[in-house]
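Trainee: Structure provided below as structure tokens; questions to follow.
The values are calculated or read from the model by the stated rules, or taken from the named source; none is laboratory data. All values derive from a computational prediction rather than experimental measurement. Note that we place each Cβ from the backbone using ideal geometry, even for glycine, and neighbour counts take in every protein chain shown.
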Amino acid sequence: MAYEIGYRRPPASGRFKKGQSGNPKGRPKGSSNFLTLLDHELGQSIVVNENGKKKTITRMQAMVKRMVADALQGNLKSLLALVEIMRRTGKFEETDIEGLLPDDYESILDSYVVQRHNNVTKKSVTTRSGENKK
């Protein structure tokens, strides 16, 4: 049976030769996209004045320092951005609340309730006896 030409079966003369590109005038090698340009710009060094001393840091480090400083000053947008970045990078791992409690937390809680009740009872008795003396 002869080779059938049809859908997804181009003739041999129309196929790309080995080593021939289907897009010869496409993006040249080494051309930058947005992310490489951004990495290049954020990686450049700048001089900042920190505690009265000049220091050379990257632009990325300066941005992080500024964001943290703003969050500490109470800027809610910076704080939420930092928390979101930390959450996405796994810095805030969900902890099991049961793991935080001691094994005998119920007995500790019961003893606290009893102690609190005894203190309230003693205060009310002291207050009543103090009122009677007047």
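Trainee: Just give me the residues in region 14-49 being among the β-branched types (Val, Ile, Thr) and part of a helix (DSSP H, G or I), in sequence order.
Mentor: THR36
Trainee: Let me ask something additional. Could you pull out the residue among GLU106, GLU84 that is within 30 Å of ASP70 (Cα to Cα), surrounded by 10 or more Cβ atoms within 10 Å (Cβ to Cβ) and either among the charged types (D, E, K, R) or modelled with pLDDT of 75 or more (or both)?
Mentor: Going through GLU106, GLU84 in turn, just one is within 30 Å of ASP70 (Cα to Cα), surrounded by 10 or more Cβ atoms within 10 Å (Cβ to Cβ) and either among the charged types (D, E, K, R) or modelled with pLDDT of 75 or more (or both): GLU84.
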